[in-house]
Amino acid sequence: MIYVGVRSSVSGCCGARRMVGALLMTWVAALAVLSALAAPAANASTMPFYAVQRVHMKVPAGVMPWDPSWSPDGKHILFQDDNHGFEWFANANGTGVHCISCRMSDHPKIIGGFTYVFPDNKRMLLANELGNSVYVLECAPSLFNCRSHRWLPVDLSGDETPGEPNLGRRTYHLAPDGVHLAYSITRPDGLVMMIAALQREPTEYKLVDYHVVNPSGPRNTLDPNPAGWANGGSLDEFKSFADGGRSAIILSDPSGLVPQQEKINLATGKVTQLTSYPDWNEDGALSPDDSSLLTESWRTENRLTSLGLMPLARPFITLGAAIVAIYYVSSRPGFACDLQPWLLPAGGDRGGTLVGQPLNPYDGGQTIAGNDLEGQQVWSPDSTRVLLQGRSLRRPPAGANSYLLQKGPAPSDLIVAHILRPPTKPIQPVTTRVGNWAPTPQQYKSSFDMPGTHTVHGRRSGTAMIDIDGNVIAGHFSVTYTHYSDDGKHFLDGTQTITGSVETSTTITSNLTATNSAGHQIGYQRADLTFSQIQPPPPDGDPGVTFNGTVSSSWMGKTASGLPRVGACPSSMPRPHHLQLHHTQSGRILTLHVTANSHGDIRPVEGATVKLLGRVLTTDRRGLAVVKLSPSGVQRTITATTSAGNTFTPASTRVKLRRPPH
């Protein structure tokens, strides 16, 4: 351990730094002993928790900001008003709020749209979240002073594939280069992720040079490699560009039924799993400097844990994940328990062992956190601010549009999480290039394109027999594991079956048992669940799916059972974590140590404020703040307090100062 200088609001800190060299070994040893006695050990070799200050910036009454994004220069915030369906700008500090499109009679009338500023600050992309409408707004002389404008549609027809009809495009993402656009399309053979280049034509933009970036599927019907069949059976969705445009963050379900975040190198197709926590982890993005990962998650809420706890089942047949998602996020009661924003290290949650820190914990009342959908553009370019979303638990106002009826209203403010750490420079954007591993939409084949019965071999032992009869709309699918193992340590036996149609009724059954190399049972999953569409469909905003049945699972001594009913869940949402303040004294050196415990994920807190003896100190990356005491001090007891923005609960401790030796 080495000493890192601590910022202070008093000049006396400099003297403390000069004394540290002589006293370093003494107070470090004392601190180590104190930490072992007074606080659990922090996770080693990972980023600290950060002090976070949430700031609410008001917008005009009745305007409901949704899907906000930063301009590439970090000077402006762009958002859509979901109440009226127009686009607005605000300066980075919340001033200068104005509508850019309210007076445009040719506005495309998209509500609930994704909006992005192009790097030239003269154009804006507007696309509906779910649908086929994509436009580019061209302004002169700039978007922020739009004296003349033109809306140009984007031609998406390059993704059309004979025999694979478009069942719905969704979630559009603009690359850092301002040239490439990514989105996902549902086809009978799966959810297909595409990247294409925007090409300006006289009266429109056209997407050209299409590539499908789903991880590579099976080579053919006789392919015995489980990796291709797992990739081809997974339902993936594009979520963000990363690494300056070199990579992508996607949603996948690597162990079946519960979504997780993965990262794809677009040049090579290499996939890295980022999250493994056994509950829903979906939207989010790496920070522009690649230091942190934002994940939108139900972690700590124990909602889908019974489906995600036992991790061995491969995503050979994951149609069930779609119907589970439809149940929870297709109605206003479902969105009343939206995914929450959490901050993790860039490498993810280390196999689910890191919980992370919530950026927008629930404080009570009628406003909850909403899911961030727009990818990396919710991060400021200097990686110190994250645009958050609020969602109201109140009913939509009279005359509300269908989007508000289905998702619920939002408060009239922009919410920004200021992460109190030094600003950094983003990774330099590059022209996004997709390697030749990625086929065109017309060439792409998934497991659903290869019906029949297929036997694949575990990487270390056993087999999985996969039966495919149908597509993502309807069919019968099963996988039978026989002592299947990818690591030689954990073995899976049993059968999982998914039968029915997402348009009527889908049944998921599992009877899976996991054992170790000694033959002892270490986990299981038992499920018999049926999700049914309500006919006729209910009014806008009401749940359109019901479910019944049971599910339970275990893994390495942990157990979970049941699924929650759709509806508001404020009691289970993450709350502000409590800070912990410890201290030790060695001679004239008093050291304060600030940590926090996020459901067993224990780390130091950087940027926490510590107040004592009339001084205000700020903790370093190790959560430490150091005070040099006066040589003439007397023995006495004082109070030290600490706070870390408004997403942690403050703490205090009584400090008994010993008289320093002369």
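Laboratory data are not the source of any read-out in this text; all were calculated from the coordinates shown. Keep in mind it's a predicted model, so treat the numbers as computed, not measured. Neighbour counts run over all protein chains shown; Cβ positions are idealised from the backbone, glycine included.
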Next on the checklist: Within a 10 angstrom radius of the beta carbon, how do W66, W298 rank from fewest other beta carbons to most?
Outcome noted: W66, W298
Checklist outcome for this item: Summing +1 per Lys or Arg and -1 per Asp or Glu among the other residues with Cβ less than 15 Å from Q443's Cβ gives -3
Checklist entry - So, counting K/R as plus one and D/E as minus one, what does the shell of residues with Cβ under 11 Å around R54 add up to? => result -1
Checklist entry - What is the helix-to-structure angle for 13-38, meaning the angle in degrees between its Cα long axis and the longest Cα principal axis of the chain, kept from 0 to 90 and rounded to the nearest 10? => result 70
Item to check | Förster radius 30 Å - calculated FRET efficiency between H599 and H520 (Cβ-Cβ, nearest 0.05) | outcome: 0.60
Next on the checklist: Along the charge dipole of the chain, pointing to its positive end and built from +1/-1 on Cβ of Lys, Arg, Asp and Glu, which listed residue (Y327, V208, T506) has its Cα farthest out?
Outcome noted: Y327
Item to check | Violating pairs (Cα-Cα greater than 24 angstrom) within the set K122/K407; K628/K656; K263/K445 | outcome: K122/K407
Checklist outcome for this item: Using alpha-carbon positions, the gyration tensor of the range 526-662 gives root eigenvalues a ≥ b ≥ c; with a/c under 1.5 called rounded, otherwise prolate if a/b exceeds b/c, else oblate, the class is prolate
Next on the checklist: Just to confirm a number: summing +1 for Lys and Arg and -1 for Asp and Glu over residues other than G544 whose beta-carbon lies under 12 angstrom from that of G544, what do you get?
Outcome noted: -2
Checklist entry - To the nearest 0.05, how large is the calculated FRET efficiency for N436 and T550 if R₀ is 41 Å and r is the Cβ-Cβ distance? => result 0.30
Item to check | Inter-label distance for N225 and N132, nm, one decimal - labels placed 7 Å from Cα along Cα-to-Cβ | outcome: 3.5
Item to check | Folded to 0 to 90 degrees: helix 319-328 orientation relative to the chain principal axis, Cα | outcome: 60
Next on the checklist: List residues of the range 406-429, by number, whose backbone nitrogen lies under 18 Å from a label position 7 Å along Cα→C-beta of R621.
Outcome noted: 419-427
Checklist outcome for this item: What helix-only [θ] at 222 nm does the chain give? Using -39500 (n - 2.57) per DSSP H run of at least 4, over all residues, to the nearest 500, the answer is -2500 deg cm²/dmol
Next on the checklist: Residues of the range 421-455 with backbone nitrogen within less than 14 Å of a virtual label 7 Å along the Cα-to-Cβ line of N166, please, listed as ranges.
Outcome noted: 441-442
Next on the checklist: Rounded, prolate or oblate for the chain? Axes are the square roots of the Cα gyration tensor eigenvalues, ordered a ≥ b ≥ c, and the cut-off for rounded is a/c under 1.5.
Outcome noted: oblate
Item to check | Global geometry of the range 448-572, whether rounded, prolate or oblate, following the gyration tensor of its Cα atoms and the 1.5 cut on a/c | outcome: oblate
Checklist entry - Gain in length, S291 to Q366, computed as 0.36 nm per residue apart minus the alpha-carbon separation, to one decimal in nm? => result 23.7 nm
Checklist entry - Among M194, M450, M57, which comes first, second and so on when ranked by fewest other beta-carbon atoms within 10 Å? => result M57, M450, M194
Item to check | Inter-label distance, nm, simple model (7 Å from Cα along the C-beta direction), R565/K58 | outcome: 3.9
Next on the checklist: Just to be sure I understand the model, the point goes 7 Å from the Cα along the line to the Cβ. What's the resulting M104 to N302 distance in nm?
Outcome noted: 4.9
Checklist entry - Just in the range 578-640: which trypsin sites (Lys or Arg not before Pro) are loop by DSSP and have at most 16 other Cβ atoms within 10 Å? => result R621
